[in-house]
Every structure is written in structure tokens, then in C-alpha cells.
Amino acid sequence: MKPKERKRKKRTKKGDPQTITKAVTHIRLEAANPGKLDALDQLAGEFLALTQQYVTLFCTDELPDGFRAPSFPTSLSERWHRVAIQQAAGIAKSWHTNRANAYQEYLNALVEHQEQQANGTLVEGAKEPEWQEWDLPTLRQPCIQANANVIKLELSTDSIFDYWLKISTLAKGHLLLVPITCSAYHQEQLTDPKTGKRRKINSSVTLNKRDGAWWLTLSYGEEIAVQTAPDAPVIGVDVGIANFITTSDGKTYGTFNGRLRERHRRDQEKRRRKAKLRKCLEKKGVAREKLPSTSSATGQRLIRHVRQEINRAVNLCFEEHEGCQFAYEQLSVASMRHKARAMNAYMRASNLGHIPDQIAWNATKRGVAAIKVKSAYSSQECYVCHYVARENRPNQQTFCCQVCHHTAHADLNASQNLAARLHDEELHACQNRAEIKALLMKRHEQWKQNFSLVVVQAPAQLGLWDHFTNDSGTLQRA
Ligand SMILES: [Zn+2]
């Protein structure tokens, strides 16, 4: 028994407190006297220019590498130089990811276009999608993500201020001391309500300049223990596009259909028009920097919007299932592609992946148990008799078992299977899809045996039932 218990413990990490990082934003840097922050402005200008050089390098000739050897001349110190390289690597990384996603989406659209062309279902006048190369990222607002090597936050004990920010500047050996006063609101955030003591603030801080003012962001780690009882009701969660979330108690949250899909369509159209305009202007000899941008701000907005909708859906799901624990599917890249393809690539696989991420994040934040379970065949398995077959899915929405004729919404059937898998150690021990299928079919055979046992015994049972009167009259004496 013991090894089994240990295994489960390792898998679910029950009761292990998890640490999440929380940010305290919008702390304004006070300029005690005019010109006090000049040194910071000078530093920020130099830092922005240097970071931009590495961003461009990491987006064009080299892959992002925060540990790369310094190669551009600067008046910044070696330590500041490293901070710039690391920040540039982070920016370039997310640019590469977004661009790769957009390119994949373009390829999907192209395949779809060619398929429609081949089978004659192309809408009249529909043009073949074209790829427009993205502009390189341009840093406009000063933003510094600094570590303790260049900026130190120190508690002030001998002044009316709360903290001192010690910033190393362009002048060698010269530290800029900026006093920090926290508002009552910030004080509350920075105090642990359990102990009443001040929280331990992380050593890296962020400085932003907006509308002529400097703003500081601090962060701290918060430990959250899982509160869920082991015997709490289990809710299975299926992730999809028609419904972002379907729970095993038959509720649904969020959808990509309707409003989001309409926005997506408009965005695609806008991009096409822009690309056309760009070509036209290019021919007329308009300078490159005056051409409309191709990185599609509306596309980025749409991604943000989809994510907001996902966050909202996941939040609501957790709110409506207080005191429950969750079993959700481990989405592989392949299964994400499969789910996304089923909806004509309307939604990027990366966005679909945001749903399980958000489930995990919500669970951690709330101290709720949410456990990933193996999802192989969860959409093809019959929840009632365990029969597995592709034919059980006559279409995307419907589940209809070929053996027992159990019929349900496909996402509901899948979420019920996922819920049942939470404490299914036998299934968890399976090494691959083939083993899982074999196990499920073995269970189906068991179900069939039990079922036929009832059929065989029915006449004998009827003899028993003869002694009862039946209100509904469905059972009648022979
Ligand atoms: Zn069945």
C-alpha cells in the first residue's frame, strides 16, 4: 500500500503550499527636489537605446540569449549592460512566439483556402491569404526591469519615508537615493494579514516612466496551501472551443463562437485591406517607415481579448464550484491542434493552451486542488459502458455510444470521464495510449458481462417482481 500512497502524493502534491508572485504597482517616485531624477532620466535614455539594439539583434540575426556576451558600446556599467541584455531577450522571446503563432495561423488559413479551392467550396472573390512580415519591436516608453545588482530597495529606519531606492547611475560609484513613500493602500498590500508583519519584498523591481512621472512596481511571494478536503466533490473539466469549459455537472463557461469569432473575422479582413494598401503605397514609392504597420495591433488586441474572456470563464467556473476539486485534461500540442482544427483554426492552439494554464493558476491562487489527468480517449470513451470508438462521435457536438446508445453532448461526456479519472490509479499507471485503450476496452467487456448477467437472470427476477404491485404499471403480471 505504501508505495502507491507515496506515488499519489507525489502526483497531486496534496497540501504542499505553493508560492505565487504578487505585484504592488503604481508607487510613484517622489521628486523631492527638481532635477533629483535627472540622473535616472539620463540612465533610462541610455538603457532604452542599448536594450533596443539587443532586441533588434535577438529578433533578426540571433536567437534571444540573456547570457550573451556584451557587444555594443555603451556608457552603462557592466551590470546595467547585463540587465539590458536580459530584458531584451525577454522582449524578443515573446515577439518570436507571437510571430510564430501568427505565421502558423497564416499557414492554416492557406491550407483551408487551398482545400476550398480544390473541392469547389471557395466563396467567390476570396483571395489567397498572404503573409506580411512583422515589423521589429520598437521600445518607446522607458521600462527597466532591474535586479539587486543595479537597484536596491532598502527599508528606511531613520526618516519619514518607508523605503530608499538606491539606483546605480552612469556616474561611476555614484548612487541615486530616491525616497519611497507608500500610500495606505500600498502599506496594506505589503503587510501580511496573518502576522501583521511587513512582507519580504522580492529583490527585482520594475521602473516605468509614464506621462513624465516615474512609477515603481514591487513584488512579493505569497504561500498558499491547498484547502480542499480529499473527499471534496470532483468536477471534471473539458476544454474546447465551442465551450471554453464544460464541467461534469453539465455547466458551460465561455465560447469562441459568436462575438469573438465575429471580431476575429473583422480582424482578418482589416489585415487584408492593410496589406493591399501597403502594396499600393509601396509601388508609389512611399517611404517604408510611413507605410501602415503589419504587426497588426488589432490582432494583438484580439489575442488579449480572447485571453480576458478565458480568464473570466475560468474565474466564474471556480466561483460556482466552491468546495470542489477539479480534474482537467493534460492538453498535448497534438490534441490542441486537433481541437483547434475542428473549428477551422479559428482559434490558435496557444490560446487553447491558455485555458489549462488559467485553471492551474486559479487553483493555486485560491488554494483549491486541481489535478491534471490523462485525457487519452476521454472524448471517445462512453461514460456509461466504457466502449471506445471514433464512431461514438457522429459529429463534433454529439456523443452517441454505438453499444449502449448513451447519448450526451460530447464535451459533457468527456468531462465526466475526466472526473472519473481523478482517483483512477489503474489508468494513471498506463504508459501509453495503447495501454489506456486496452484498459478501457477491458472495462467495457466487464460491463457487457454484468449487463448480460442481468438479461439472463431477468426471467427469474420477474418471478420475484410478481409479488410486488407496480404503481406505474410498467411491470405487469404475465
Ligand atoms: Zn456506451
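The values are calculated or read from the model by the stated rules, or taken from the named source; none is laboratory data. Please read all numbers here as calculations on a predicted model, not as lab measurements. Neighbour counts are summed over all protein chains in view; Cβ atoms, including those assigned to glycine, are modelled from backbone coordinates with ideal geometry. With ligands, DNA and RNA removed, areas are computed over all heavy atoms of the protein, side chains included. Shrake-Rupley method; radii C 1.70, N 1.55, O 1.52, S 1.80 Å.
Here the simple spin-label model places points 7 Å from the Cα toward Cβ, and for S203 and I224 these points are separated by 2.7 nm. Accessible surface of R301, taken over heavy atoms with a 1.4 Å probe and every protein chain present, rounds to 110 Å².
Could you state the accessible area per residue of segment 144-226 in Å², with a 1.4 Å probe and every protein chain left in place?
Numbers: 4680 Å² over 83 residues.
Per residue, segment 144-226 has an accessible area of 56 Å².
Of the accessible area of segment 136-236, computed with a 1.4 Å probe over protein heavy atoms only, carbon and sulfur atoms account for 52 percent.
Return the subset of K93/K276; K152/K365; K209/K290; K127/K283; K127/K276 for which the Cα-Cα distance in this structure is over 18 Å, preserving the input order. From the list (K93/K276; K152/K365; K209/K290; K127/K283; K127/K276), the Cα-Cα distance tops 18 Å for K93/K276; K152/K365; K209/K290; K127/K283.
Based on the Cβ-Cβ distance from T97 to A438, what FRET efficiency comes out when R0 is 22 Å, to the nearest 0.05?
Details: r = 38 Å, r/R0 = 1.72.
With a Förster radius of 22 Å, E is 0.05.
The candidates D267, D249, arranged from most to least accessible area with a 1.4 Å probe in the full protein assembly, appear as D249, D267.
Ordering L165, L136, L48 by accessible surface, largest first, gives L136, L48, L165; the 1.4 Å probe counts only protein heavy atoms, with every chain in place.
State in Å² the accessible area per residue of segment 14-102; use a 1.4 Å probe, count heavy atoms of protein chains only, and round to the nearest integer. Don't jump to the answer; show the numbers that get you there.
Values: 4640 Å² over 89 residues.
Ligands and nucleic acids excluded, the result is 52 Å² per residue.
Heavy-atom accessible surface of segment 364-444, averaged per residue, reaches 45 Å², computed with a 1.4 Å probe. Modelled spin-label separation between L177 and E445, with each label point placed 7 Å from Cα along the Cα-to-Cβ direction: 8.1 nm.
Taking 0.36 nm per residue of separation and subtracting the Cα-Cα distance, full extension of the segment from E133 to Q330 would add 67.6 nm. The order of H409, H428, H81 by accessible area, most exposed first and with a 1.4 Å probe, is H409, H428, H81.
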